[in-house]
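Here, each number is a calculation from the coordinates, and none is a lab measurement. In this text the structure is predicted, and so the values were computed from the model without any measurement. Cβ: placed from backbone, ideal geometry, glycine included. Neighbour counts: every protein chain shown.
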Amino acid sequence: MHEECGLFGIEAPGEDVANLTYFGLYALQHRGQESAGIAVSDGRQLRVHKAMGLVAQAFDQAALERLTGQLALGHTRYSTTGSNRLENAQPITVEHPQLGTMAIAHNGNLTNAQSLRQGLELEGVRFTTSSDTEVIAELLGRTGGSDLRAVLRSALPRLQGAYCLLVLTRDSLVGVRDPLGIRPLCLGRLPDGGGIIASETCALDTVGAEFVREIEPGEAVLLGQGQASAEQLLPSTRKAMCMFEFIYFARPDSRLQGQSLYEARRNMGRELAREAPADGDIVISLPDSGTPAAVGFAEASGIPYSEGLIKSRYITRTFIQPNQRLRNIGIKLKFNPLREILDGKRVVLVDDSIVRGTTSRKIVEELRRAGTKAVHMRISSPPIQWPCFMGIDIASRSELIASGRTVEEVERLIGADSLKYLSKAGLFRAVKNVTGFCMACFDGDYPVPVPVQLEMDKLALETVLT
């Protein structure tokens, strides 16, 4: 499973907003690793720099020095609509007849992007990317309004799906969250009074900003003239924050809905130990995402926690290798077992989720080769059985190992001695019974209309660009 995108926006007159945005994006790198971009306004014009790769690869000091001003937005991308290429990197710019150049950055996924694009094409718009963010940008560019919030007030009701947006003009920056609040967005304040809008609180911590509050579903917050002002642009009748922000996506040192995500994940491990005890000698995690839950499982079960797998932080996605043999080598490069710890042990392996099952199967095989007597796998979330259309790169039920299979069948496929998942009830107990989550990947109850065939290709907007 792969993250969506990270957003960081700032107003800080007299500060180096480009470098602050760079550091903010660094803190949000876990949300996307394909491309990064920054747009800056000095009150007269917008300057944009974007490139493929990680944040550190996309920018050098010379590029940052060219981005001068007092308002900025930044974006780090993982593609959920549109392929991985420079044309789809964000922010995307568009000309507005009254407001001039606008830069737009987006986290989420529109479920009606194709129909919106077709309508805009009939109006004469020629698209140059295959990203739904360009659809939003062109829609905003063709929506009249004397100020940015007026434009958003008219345009946003046409969007369906998940979106957190940052929109930058010459003199203002607006952050807006969709009416369901599917993706997170928060407001912060710098010590000298500047304002920040970011996907997660960890980005505020990185630049020394104070957390003010989460931006509410349907709310727009404007930064400009040294102050923040908020307006409820769209009615919010139902909240549906993605539960996987709590389980996996957001960094464990971030906070959501007043909770430490590290503590929430540790609680998931505790609940898992109570619901699905295992006869083991040690508890290990699939690092790093499974570690807080593994710690909680060990605490509640009384089984000692130990490092059993060492993760190389320099190996990224293994699925890009051209054949299965090389993909398997990639998994072995990423996770290496500690044989001295594992040999002869009954191991409880805790992870946050199983998506396709390929990695889980290979890890179980590696643990057996390291001499384990038994591998009991425990998952700190329910089985993922349905695709996501709101910003996660899962677009087909056929990709999901738990879809249409029993837990026992999945257990046999991954080769574990036993497999247990955390129940939905246990998951809600772990997050202190807070309500208002999207659980569609677990139960198929989508908060927005989705394609009837329950298949949506992230390359559906792909065009032939030469």
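Quick look at the values:
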| item | result |
| --- | --- |
| Arg313-Ala425 pseudo-label distance in nm [points 7 Å out on the Cα-to-Cβ vector] | 4.1 |
| Kirkwood hydrodynamic radius (C-alpha pairs) into Stokes-Einstein, the chain, 37 °C and 0.692 mPa s, D in µm²/s | 144 |
| Around Leu190: net Lys/Arg minus Asp/Glu count, Cβ-Cβ under 11 Å | -3 |
| Spin-label model distance (nm) - Asp147 vs Glu121, 7 Å beyond Cα toward Cβ | 3.7 |
| Convex hull projection area averaged over all views, segment 5-237, Cα basis, nm² | 11.0 |
| Modelled label reach - Asp343, point 7 Å along Cα→Cβ, segment 266-292 residues with backbone N closer than 20 Å | 281-284 |
| Helical mean residue ellipticity (222 nm; -39500 (n - 2.57) per DSSP H run of 4+; nearest 500) of the chain | -7500 deg cm²/dmol |
| Those aspartates and glutamates that a straight Cα-Cα span of less than 14 Å connects to Lys373, excepting residues fewer than 8 apart in one chain | Asp279, Asp281, Glu340, Asp343, Glu365, Asp417 |
| Ranked Arg313, Arg378, Arg361, criterion: other C-beta atoms within 10 Å, fewest first | Arg313, Arg361, Arg378 |
| Likely footprinting exposure, Val151, Val434, fewest C-beta neighbours within 10 Å first | Val434, Val151 |
